[in-house]
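**Q** Handing you a structure now.
The values are calculated or read from the model by the stated rules, or taken from the named source; none is laboratory data. Keep in mind it's a predicted model, so treat the numbers as computed, not measured. Reconstructed Cβ throughout: ideal geometry from the backbone, glycine too, with neighbour counts over all protein chains shown.
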Amino acid sequence: MENVPKLSEMEKKDIPGYIWDYYKWPIIIVIAVVIALVSIVHGRLTAKDEALYILAGNADSLHMVEHPEGTLDEFLQEQGLDPEKNEIGINTNVTYTGADSQVYTLATLATLIGAGQVDVAISHGELYEYMSGNGEFLPMEEVFTPEEMERYKDHLVQGTYHEITYNEDGTEGETVDHDYICGVSVSADNAWVQATGMYPDTDVVVGVIANTKHKELAKAFLIYLLENE
């Protein structure tokens, strides 16, 4: 058996190399574990509570600011929330132009909304027609009071929900259309829209998702936009 020298018998300059040669992998593993634990603890300590989740469909990635979420710190403060502890998530990854080939986009959209993750959706064109057609939005009568409906009547937008009916045998029957007010129009000149750069040349429709978990804050966001038109 090879004689292993004692540390006390070695010169000081040789000790670090000796330790590294004999204990390299245990040292690497311990360091990796420590780094992982520090990362986990730091993540938990610095993580913010998500106060609201916005789906910004068909956003312009070329003109968009790097962190559009930061443009809503003022809104959070107005709602009595601390931007250091709370945040608003903005998903700008959904793009839909009506093409049949965009199956992945529709699946992603269905998953996000079905999971109850989305509170507010910003859309226009084919994406708005698709979402309103699926009945994804709350009727604005369930969001605004009658007084607010009157106040913002010039911004209310109507959509058409395509309800699919089914026959007694379970087969698909007729499609019945229902018109409903399901969003508010926000112009490309809106102060917040301008600040984000997400829609530099496009008016959009902003609506509250039917299964939102933060209805009151979602409503407050719509009013925040309308008051800054």
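Okay, residues lined up against (1) under 23 Å from GLU129 (Cβ atoms); (2) under 18 Å from the mean Cα position of the chain (by Cα); (3) assigned by TED's automatic domain parsing to the domain that holds VAL143; (4) charged (D, E, K, R):
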| site | (1), (2), (3), (4) |
| --- | --- |
| HIS178 | yes, no, yes, no |
| VAL186 | yes, no, yes, no |
| ALA195 | no, yes, yes, no |
| THR202 | yes, no, yes, no |
| ASN211 | yes, yes, yes, no |
| LYS215 | no, yes, yes, yes |
| ALA220 | no, yes, yes, no |
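**Q** So which residues in the stretch 48-76 are assigned to a helix (DSSP H, G or I) and surrounded by fewer than 22 Cβ atoms within 10 Å (Cβ to Cβ)?
**A** Matches in the stretch 48-76: PRO68, GLU69, GLY70, THR71, ASP73, GLU74, PHE75, LEU76.
**Q** Any idea which of (1) touching a residue at least 12 places away in the same chain (Cβ under 8 Å); (2) surrounded by fewer than 17 Cβ atoms within 10 Å (Cβ to Cβ); (3) not acidic (Asp, Glu) is the one THR111 doesn't satisfy?
**A** In the conditions (1) touching a residue at least 12 places away in the same chain (Cβ under 8 Å); (2) surrounded by fewer than 17 Cβ atoms within 10 Å (Cβ to Cβ); (3) not acidic (Asp, Glu), THR111 misses (1) alone.
**Q** Considering only the stretch 198-221, how many residues are in contact with a Pro (Cβ under 8 Å, 6 or more places away or on another chain) and assigned to a strand (DSSP E or B)?
**A** Count: 0.
**Q** So PHE137 ticks every box in (1) surrounded by fewer than 17 Cβ atoms within 10 Å (Cβ to Cβ); (2) under 21 Å from LEU112 (Cβ atoms) but one. Which box is left unticked?
**A** Failing condition for PHE137: (1).
**Q** Let me ask you something else. It is to be established whether one or more residues within the stretch 161-174 are at pLDDT below 95 and among the small types (Gly, Ala, Ser).
**A** The answer is yes, given that some residue of the stretch 161-174 is at pLDDT below 95 and among the small types (Gly, Ala, Ser).
**Q** When TYR224 is evaluated against the numbered criteria (1) more than 17 Å from the chain's Cα centre (by Cα); (2) in a loop (DSSP other than H, G, I, E, B); (3) not small (Gly, Ala, Ser), which criterion, by number, is the only one it fails?
**A** Only one criterion is unmet by TYR224, namely (2).
**Q** For the stretch 96-109, indicate whether the set of residues that are modelled with pLDDT under 90 and within 14 Å of the chain's Cα centre (by Cα) is non-empty.
**A** Scanning the stretch 96-109, I find at least one residue that is modelled with pLDDT under 90 and within 14 Å of the chain's Cα centre (by Cα), so the answer is yes.
**Q** Another one. Within the stretch 211-227, track down each residue that is surrounded by fewer than 16 Cβ atoms within 10 Å (Cβ to Cβ) and farther than 17 Å from ALA51 by Cα.
**A** Selection gives GLU227 alone.
**Q** OK, next. Enumerate the strands (runs of 3 or more DSSP E) found wholly within the stretch 119-186, keeping only those where 3 or more residues are more than 20 Å from TYR224 (Cβ to Cβ).
**A** 156-166, 172-186
**Q** Still on this structure, please answer the following. Under 6 Å by Cβ, and 6 or more places apart or on different chains, what pairs join a residue from the stretch 61-72 that is without any contact (Cβ under 8 Å) to a residue 24 or more places away in the chain with one that is among the β-branched types (Val, Ile, Thr) and crowded, with 18+ Cβ neighbours inside 10 Å?
**A** Correct list of pairs: GLU69/ILE88; GLU69/ILE90.
**Q** While we're here: Pull out all pairs, ordered by first then second residue, where Cβ-Cβ is under 6 Å, the residues are six or more apart or on different chains, the first lies in the stretch 164-187 and is closer than 28 Å to MET140 by Cβ and surrounded by 10 or more Cβ atoms within 10 Å (Cβ to Cβ), and the second is modelled with pLDDT of 90 or more and of a type in the set (Gly, Ala, Ser).
**A** CYS182/SER132; CYS182/GLY159; CYS182/GLY207; GLY183/GLY207
**Q** Quick test of your reading of the structure: GLY197 fulfils all but one of (1) surrounded by 14 or more Cβ atoms within 10 Å (Cβ to Cβ); (2) on the phi < 0 side of the Ramachandran plot. Name the failing condition by number.
**A** Of the numbered conditions (1) surrounded by 14 or more Cβ atoms within 10 Å (Cβ to Cβ); (2) on the phi < 0 side of the Ramachandran plot, the odd one out for GLY197 is (2).
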